[in-house]
1. Say we look at the range 109-144 and pick out the residues that are surrounded by fewer than 23 Cβ atoms within 10 Å (Cβ to Cβ) and polar (S, T, N, Q); which of these is nearest to residue 185 (Cα to Cα)?
2. I need the full set of residues from the range 20-35 which are part of a loop (DSSP other than H, G, I, E, B) and surrounded by 15 or more Cβ atoms within 10 Å (Cβ to Cβ), in order please.
3. Considering 82, 92, 38, which residue is crowded, with 21+ Cβ neighbours inside 10 Å and more than 20 Å from the chain's Cα centre (by Cα)?
4. State the number of residues belonging to the range 285-310 that are assigned to a strand (DSSP E or B) and either among the β-branched types (Val, Ile, Thr) or closer than 19 Å to residue 250 by Cα (or both).
5. Mind listing whichever residues of the range 124-139 are more than 12 Å from residue 7 (Cβ to Cβ), out of contact with any Ser or Thr (no Cβ under 9 Å at 6 or more places or on another chain) and assigned to a helix (DSSP H, G or I)?
6. Could you list, ordered by first residue, the pairs with Cβ atoms under 8 Å in which the first is in the range 224-244 and within 18 Å of residue 214 (Cβ to Cβ) and the second is acidic (Asp, Glu), at least 6 apart or interchain?
7. Does the range 259-310 hold any residues that are among the basic types (Lys, Arg) and farther than 19 Å from residue 245 by Cα, and which are they?
8. Would you pick out the residues in the range 61-77 that are buried (at least 18 other Cβ atoms within 10 Å of the Cβ) and either among the hydroxyl-bearing types (Ser, Thr, Tyr) or assigned to a loop (DSSP other than H, G, I, E, B) (or both)?
Amino acid sequence: MADIYTLGEPLIVFLTDDQDDVRTAKKYSISVAGAEANVAVAATRLGLDVVFQTRVGADQLGDVVLTQLTNEGVAVAHVSRNDAFTGALVRNRGISSPANVTYLRKGSAASTMVPADIDEATLASSKWLHITGITAAISESAKSTLLKAVEIAKSNQVKISLDLNIRKKLWSDENARDTLAKIANEIDLIIGGVKEFELVFGSVDPEVNLQSAMSKGVTLAIMTNGEGEMRICDHGNRFNFTPIFRTTIDPVGSGDAFAAGLLSGLIANLPLLDAIKQGSECGALTASQLGDWPGLPYGIKGIMTSKGGN
């Protein structure tokens with residue numbers, strides 16, 4: 001039985017090394033990221049059994065993805081390959097100026113995912129299905145695959161978590177709202193930022209949006225706000241949580257680390273507040289180092305035991 005089943009697009013990241021601006025940089029480092037890949041790696045480091053379903057290209061960048069996932073202990077049995085290219089992104093470090101991302105993913109291998117790719121028996125026996133809005137945004141076939149996964153999980157009493165993860169460069173506000181609001185009717189846990197909740201649920205009042213999510217049948221809603229307090233509603237119990245803070249070097253990927261730490265804690269049967277604290281610590285550690293994976297901590301059976309780092 002898998003602890004977490006997730007599906008999405010891994011990305012090759014080209015990150016500026018010598019300049020904080022893609023337009024003037026001459027040197028880049030290469031790594032692997034992508035929201036669902038980040039969650040898979042983070043939860044694996046915490047000692048859980050994770051199934052990560054995706055497609056990568058039959059190219060050298062696809063080789064990099066498979067190698068890096070394997071090095072992290074993530075099983076690649078559900079990663080297939082085809083003649084499309086492996087998705088990528090190019091970005092600056094976001095130190096002296098805001099992080100700016102250029103995607104190279106339209107028509108990528110992962111965007112060709114179809115519902116038949118899902119391992120129904122494995123998903124049906126998993127503890128959680130974790131999804132993000134990104135998979136629904138990259139293509140219609142990927143969205144259909146995600147919706148099928150939700151259907152399978154729902155019919156087999158597999159808990160479902162949704163990280164809104166709205167990427168405006170990938171789809172319109174209207175499409176994001178329509179799709180994610182419908183998915184919210186089927187899930188147990190929803191995570192998103194204040195503005196993401198606002199886009200999906202339509203109010204400028206965060207409290208109204210939180211309650212709108214709960215009215216759809218969600219049992220746990222977590223609204224993040226950067227370094228500000230999180231708004232949390234658990235089965236109608238409303239409270240706030242102040243995130244753990246560390247000096248931020250690179251915030252990209254910290255939200256995925258939070259989601260993985262939270263889910264891992266819940267799977268390990270930690271009390272909710274302790275699971276949230278673990279997620280927050282995972283996010284803070286990730287943000288304290290450059291890149292999506294270097295700061296991720298390690299654990300046993302979903303409970304953090306030691307910090308990450310190179």
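The values are calculated or read from the model by the stated rules, or taken from the named source; none is laboratory data. Note that the structure is a prediction, hence the values are computed from the model and not measured. Cβ placement follows ideal geometry from the backbone for every residue including glycine, while neighbour counts extend to all protein chains displayed.
1. 144
2. 20, 22, 25, 34
3. Of 82, 92, 38, the one residue that is crowded, with 21+ Cβ neighbours inside 10 Å and more than 20 Å from the chain's Cα centre (by Cα) is 92.
4. 3
5. If the condition is that a residue be more than 12 Å from residue 7 (Cβ to Cβ), out of contact with any Ser or Thr (no Cβ under 9 Å at 6 or more places or on another chain) and assigned to a helix (DSSP H, G or I), then no residue fits.
6. What qualifies is 231/207; 240/229; 241/229.
7. 301
8. If the condition is that a residue be buried (at least 18 other Cβ atoms within 10 Å of the Cβ) and either among the hydroxyl-bearing types (Ser, Thr, Tyr) or assigned to a loop (DSSP other than H, G, I, E, B) (or both), then 74 is the only one that fits.
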